[in-house]
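Each remark here refers to the structure printed beneath this line.
The values are calculated or read from the model by the stated rules, or taken from the named source; none is laboratory data. What you see is a predicted model, and the numbers here were worked out from it, not measured in a lab. We place every Cβ from the backbone using ideal geometry, glycine too, and count neighbours over all the protein chains shown.
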Amino acid sequence: MGKFKEIFTNKRIIILIIFLVLSVILIGPSISEGVAIRSVDKNSQATQALPHAITSPDPSLKPMNREVIQSVNGVPVKTIEEYYAQINMLTENQTITIKTSKANYFLTTKIGNLTEAQDIGINVYPRPSNNIQKGLDLEGGTRVLLQPQEEASQDDLELTVANIKQRLNVFGLSDITVRITNDLFGNNYISVEIPGVNEQEVKQLLAQQGKFEAKIGNETVFKGGNKDILYVCRTAECSGITPGSCGVTSAGEYSCGFRFSISLSQEAAQKQASVTKDLAVVPSGFGQSYLSENLTLHLDDEQVDELRIGADLKGNPVTDISISGSGAGANQKEATSAALQSMKQLQTILVTGSLPVKLEIVKTDTISPALGEGFIQNAVLVGLLSILVVIIIVSARYREWRISIPMSITMLSEVIIVLGFAALIGWRMDMAAIAAIIIAIGSGVDDQIVIADETLGKKKKDVEDDSWKQKLARAFFIVMASYFTLVVAMVPLWFAGAGLLKGFALTTIAGVTIGVFVTRPAYAAILEILVENKH
Amino acid sequence: MKRNERRKRHEQRVQEVHVEHSEPKQTHHSESKSIYYREYKKLLIIPMLMLIIALVLIGAKLATTGDFINKGISLKGGTSVTALGENLDSKIIETQLKSEYSSTEINVRTLENSGHQVGVLIESDILPEDNQTSNSFIESIQKVTGIQRDNLSIETIGQTLGDAFFKQTLVAILIAFIFMGIVVYLYFRTAVPSAAVILAAFSDIVVTVAILNILGLKVGTAGIAALLMLIGYSVDTDIVLSTRVLKRKEGTVYQRVIGAMKTGLTMNITTLGAVVIGLFIAESAVLQEIMLIVLIGLLVDLVNTWIQNAGILRWYMEKKGEI
């Protein structure tokens, strides 16, 4: 019994236990039930909820602190399927209650853009069961790596990041990470990560510089962004598919038109008036008169649409203008959704203006959530079986529980502490990071074997036996050498490859550092108490 | 040797816990007969030949293809698509896609979990810069596999970025190598033993790369990360060996080598065990690539540590007058 007391009063072992407890608290494992809110669409009914709007979670919020939906109309929802089963039952103008972990909301459904009732605009995902954030390849989602096409200052890059964030927010995505990364050669990249979403159209939105110009003749009348455009209508009252605009084109495709209204600033309206006042009025065949020049809309120097200007607008500083465009598809449904999609993009660009630098997409990853889910279970299995195999080998080699059991405890502690560290600094665990954990454990086992062999080596009759302290110093001489070599090998990787391998390098370094300073000293202490004191 | 071991182990259990790292004198008789004991200088030919052949093979590859490894798409640009499904036939998918895109390189392989198919991985050098081909390629995959675009996992990487990644990973390996050399030298402060450790790590990487080439395996960014890790891993056992031989005084040099080997082989075997498990069970291509490279590298390292480095150290000690 004395040994147990000795173990639990040892300084190194107490430090290990404190680290373990803190890690478990940080990871915060729990039984996961229910659905959490991932994002809330802009202008959706959810934002009109009472007593206050349901909002998208702050991306910096720990996974376990996300708002969880507990019931819809009093019916408990535990899975995504149950949530959508409730949502799909809703009809127009129905008042519903949504009970979440934070509040009880009331909101009213609305008539949809098409014939169905409009979605209330809450996107959900299974409630996280712990605070470890999953990387894109495990959770599923979209990652786009953009590279500036020209020399860009740090200010320009930061402005671009802010603009991209705003664009994605306006587009309805909030749980996003946009950051500047660079590589060994000093190239800058902008990395955009959108977990859980598999949206192709986002890519176009990111790569477009979004330089929007409305011209009459060669004269620019107004530009995208909040200087010229004060308001962009994105609600159903003043934006959507133009009634009766859908039809078959000469190429045999379906085409639908969209329109939405915008409000110009006084300055832009004056500019328009001064340009149009000198234009001639041309009568058209249908009894309507138009001006001799059209209003052309340009996106990134390409004309996207051309509008005729009514004669009554000549020299008139109107601030309300209707912007239109179209989308095509194989059938009416496709054409409708293509038109709505283009409309959403154009609206976004008009609101946010153009990016200060021209960007090119250099890498895209879209991972389906189903793939990531399988990977996590598999990776956990790989980790557990690897540990098991190592325990079997070590047990077979030493045939001594006083060596192999502390070794197993140390291995598991290292995994828990690395994960706790990941939860603490909120970095996303991806597949490479999991590989790094396996590696860190592997090198941990190596060190423990060295410690065991150095300290428990057979005594020689002709040589005076060294004290435990000396033996331990010898063991840690080797342990530190392998630690330093592994760390210096990982440092360059930290900076290489636009930050994509940072997780791997960081996890390996964190893992071995925790091992060398926390778990391995504790392991040596346990060995000392269990084995050495018997002499 | 075997009987001796067993007897010792028995003694161990009767007496108390300890782990021997220097062989008792009784084994000297069998020792003197072993090639490993007597012919260590001649044995050095094995790792040297291995390194030379590897360098020649890599040189030949560099001369003929312009690259010294088979670059995966993450290092040269391209498109990689993962489709989940137990019944997808990789052969049929490959033939169909190849017939449609004959001018491009297309590779389809099954993703397995413990021998059970979970999906297919389609890799092609179609660059995202070529927007039209890239899009129609994805559409073709949708048709062939019958899987919606949203359920496909698509990764594309542009040529410029791939090239940049490749160059950087080379620089990263070089820097890692120099750093490692500095650490090792600061630790041992003697030229020959430090050089032996660095040579072993260099040889590990070169021979591993040559073997990857012979097997026709492609290396992506994950693979480069694995090669870097190999530096860390291979140096571990070399350090155990060098420390025991240079800094200990008990026993003969050979006995110290054998003692280090007991520790070192245990280290190698545990790592190999974990890596083999990873290789067979892991579904993720990233994890598999890392595990395979570490596995090959560790096997190569067995020769480079216990024949090459041990031989050089014994030679060095002999010159210094210690046997």
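Within segment B:240-250, restricting attention to residues that are over 27 Å from the mean Cα position of the chain (by Cα) and assigned to a helix (DSSP H, G or I), the residue that is nearest to the other protein chains (Cβ to nearest Cβ) is B:Lys247. Under the condition of being free of Cβ contacts under 8 Å to residues at least 60 places away in the same chain and more than 12 Å from every other protein chain (Cβ to nearest Cβ), the residues counted in segment B:251-294 number 1.
Determine whether segment A:322-341 contains at least one residue that is under 28 Å from A:Asp137 (Cα atoms) and touching a residue at least 60 places away in the same chain (Cβ under 8 Å). If you could, list the steps in order and put the result at the bottom.
Taking segment A:322-341 and keeping what is under 28 Å from A:Asp137 (Cα atoms), we get A:341.
Imposing the further condition that a residue be touching a residue at least 60 places away in the same chain (Cβ under 8 Å) reduces the set to A:341.
Checked segment A:322-341: at least one residue is under 28 Å from A:Asp137 (Cα atoms) and touching a residue at least 60 places away in the same chain (Cβ under 8 Å).
Hey, any hits in segment B:218-239 for a residue that's over 17 Å from the mean Cα position of the chain (by Cα) and either at pLDDT below 85 or not assigned by TED's automatic domain parsing to the domain that holds B:Ala83 (or both)? Yes; the residues of segment B:218-239 include at least one that is over 17 Å from the mean Cα position of the chain (by Cα) and either at pLDDT below 85 or not assigned by TED's automatic domain parsing to the domain that holds B:Ala83 (or both). Evaluate segment A:4-27: report whether one residue or more is within 22 Å of the chain's Cα centre (by Cα) and modelled with pLDDT under 75. There is no residue in segment A:4-27 that is within 22 Å of the chain's Cα centre (by Cα) and modelled with pLDDT under 75.
Within segment B:209-224, being at negative phi and out of contact with any Asp or Glu (no Cβ under 9 Å at 6 or more places or on another chain) holds for B:Val209, B:Ala210, B:Ile211, B:Leu212, B:Asn213, B:Ile214, B:Leu215, B:Thr221, B:Ile224.
The rows are residues; the columns are (1) among the charged types (D, E, K, R); (2) in contact (Cβ under 8 Å) with a residue 40 or more places away in the chain; (3) over 25 Å from A:Thr235 (Cα atoms).
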{"site": "A:Ile180", "(1), (2), (3)": "no, no, yes"}
{"site": "A:Phe185", "(1), (2), (3)": "no, no, yes"}
{"site": "A:Ser191", "(1), (2), (3)": "no, yes, yes"}
{"site": "A:Val202", "(1), (2), (3)": "no, yes, no"}
{"site": "A:Ala207", "(1), (2), (3)": "no, yes, yes"}
{"site": "A:Lys211", "(1), (2), (3)": "yes, yes, no"}
{"site": "A:Phe222", "(1), (2), (3)": "no, yes, no"}
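Can you find a residue that is out of contact with any helix residue (DSSP H, G or I) (no Cβ under 9 Å at 6 or more places or on another chain), at the interface with chain A (Cβ under 9 Å from one of its Cβ atoms) and polar (S, T, N, Q) anywhere in segment B:128-148? Checked segment B:128-148: no residue is out of contact with any helix residue (DSSP H, G or I) (no Cβ under 9 Å at 6 or more places or on another chain), at the interface with chain A (Cβ under 9 Å from one of its Cβ atoms) and polar (S, T, N, Q). Residues in segment B:206-248 that are under 24 Å from B:Asn70 (Cβ atoms) and basic (Lys, Arg): B:Lys218 alone. The residue that is farthest from B:Val118 (Cα to Cα), counting only those in segment A:362-378 that are surrounded by 19 or more Cβ atoms within 10 Å (Cβ to Cβ) and more than 7 Å from chain B (Cβ to nearest Cβ), is A:Pro369. Of the residues B:Ile211, B:Ile173, the single one that is at pLDDT 90 or above and farther than 20 Å from B:Thr243 by Cα is B:Ile211. For B:Ile175, are the conditions met, namely being buried (at least 16 other Cβ atoms within 10 Å of the Cβ), among the aliphatic types (A, V, I, L, M) and not in a loop (DSSP other than H, G, I, E, B)? So B:Ile175 passes the test. In segment B:209-224, the residues that are within 14 Å of another protein chain (Cβ to nearest Cβ) form Cβ pairs under 9 Å with partners that are surrounded by fewer than 18 Cβ atoms within 10 Å (Cβ to Cβ) and of a type in the set (A, V, I, L, M, F, W, C), at six or more places apart or across chains, as follows: B:Gly223/B:Leu217; B:Ile224/B:Leu170.
Wholly within segment A:112-202, which strands (runs of 3 or more DSSP E) include no fewer than the required count, namely at least 1 residues that are in contact with a Leu (Cβ under 8 Å, 6 or more places away or on another chain) and at pLDDT 80 or above? Full working, then the answer.
On the way: elements: A:122-126, A:141-148, A:177-182, A:188-195.
Qualifying strands (runs of 3 or more DSSP E): A:141-148, A:177-182, A:188-195.
Looking only at segment B:114-162, residues that are surrounded by fewer than 18 Cβ atoms within 10 Å (Cβ to Cβ) and in a strand (DSSP E or B) come to 3 in all. With respect to B:Leu313, determine if the residue is crowded, with 22+ Cβ neighbours inside 10 Å and under 17 Å from B:Val197 (Cα atoms). Against the criterion (crowded, with 22+ Cβ neighbours inside 10 Å and under 17 Å from B:Val197 (Cα atoms)), B:Leu313 qualifies. Any chance segment A:376-390 includes a residue that's within 25 Å of the chain's Cα centre (by Cα) and of a type in the set (S, T, N, Q)? Yes; the residues of segment A:376-390 include at least one that is within 25 Å of the chain's Cα centre (by Cα) and of a type in the set (S, T, N, Q).
For segment A:289-399, which strands (runs of 3 or more DSSP E) that fit wholly inside it have 1 or more residues that are of a type in the set (Lys, Arg) and not assigned by TED's automatic domain parsing to the domain that holds A:Gly247? Full working, then the answer.
On the way: elements: A:289-291, A:295-299, A:302-307, A:320-329, A:359-367.
Counting at least 1 such residues, we get A:359-367.
Figure legend. Inter-residue proximity from segment A:370-396: first residues polar (S, T, N, Q), second residues surrounded by fewer than 19 Cβ atoms within 10 Å (Cβ to Cβ), beta-carbon distance below 8 Å, spacing 6+ or different chains. Indicated pairs: A:Asn378/B:Asn113; A:Ser395/A:Trp401. Within this structure, A:Gln347 fails the test of being in contact with a strand residue (DSSP E or B) (Cβ under 6 Å, 6 or more places away or on another chain), of a type in the set (S, T, N, Q) and surrounded by fewer than 17 Cβ atoms within 10 Å (Cβ to Cβ). All of B:Leu75, B:Leu62 fail the test of being under 19 Å from B:Gly223 (Cβ atoms) and exposed (fewer than 14 other Cβ atoms within 10 Å of the Cβ), apart from B:Leu62.
Would you call A:Ala330 aliphatic (A, V, I, L, M) and surrounded by fewer than 17 Cβ atoms within 10 Å (Cβ to Cβ)? So A:Ala330 passes the test. State whether one or more residues within segment A:21-40 are assigned to a strand (DSSP E or B), under 26 Å from A:Ile69 (Cβ atoms) and of a type in the set (S, T, N, Q). For segment A:21-40, residues assigned to a strand (DSSP E or B), under 26 Å from A:Ile69 (Cβ atoms) and of a type in the set (S, T, N, Q): present.
The set of residues in segment A:247-272 being buried (at least 19 other Cβ atoms within 10 Å of the Cβ) and outside any strand (DSSP E or B) consists of A:Ala268, A:Ala269, A:Lys271, A:Gln272. Among the criteria (1) under 23 Å from A:Tyr125 (Cβ atoms); (2) of a type outside the set (S, T, N, Q); (3) surrounded by fewer than 16 Cβ atoms within 10 Å (Cβ to Cβ); (4) in contact (Cβ under 8 Å) with a residue 12 or more places away in the chain, the one A:Val77 does not fulfil is (3).
Listed conditions (1) touching a residue at least 40 places away in the same chain (Cβ under 8 Å); (2) over 25 Å from A:Ala525 (Cα atoms) are all met by A:Gln94, apart from (1). Given the condition exposed (fewer than 15 other Cβ atoms within 10 Å of the Cβ), free of Cβ contacts under 8 Å to residues at least 24 places away in the same chain and part of a strand (DSSP E or B), answer yes or no: does some residue in segment B:95-111 qualify? Looking through segment B:95-111, at least one residue is exposed (fewer than 15 other Cβ atoms within 10 Å of the Cβ), free of Cβ contacts under 8 Å to residues at least 24 places away in the same chain and part of a strand (DSSP E or B).
One residue stands out in segment B:149-179 among those that are free of Cβ contacts under 8 Å to residues at least 60 places away in the same chain and under 28 Å from A:Glu373 (Cβ atoms): the one that is farthest from the other protein chains (Cβ to nearest Cβ), namely B:Arg149.
All of A:Leu456, A:Leu424 fail the test of being aliphatic (A, V, I, L, M) and either at pLDDT below 80 or out of contact with any helix residue (DSSP H, G or I) (no Cβ under 8 Å at 6 or more places or on another chain) (or both), apart from A:Leu456.
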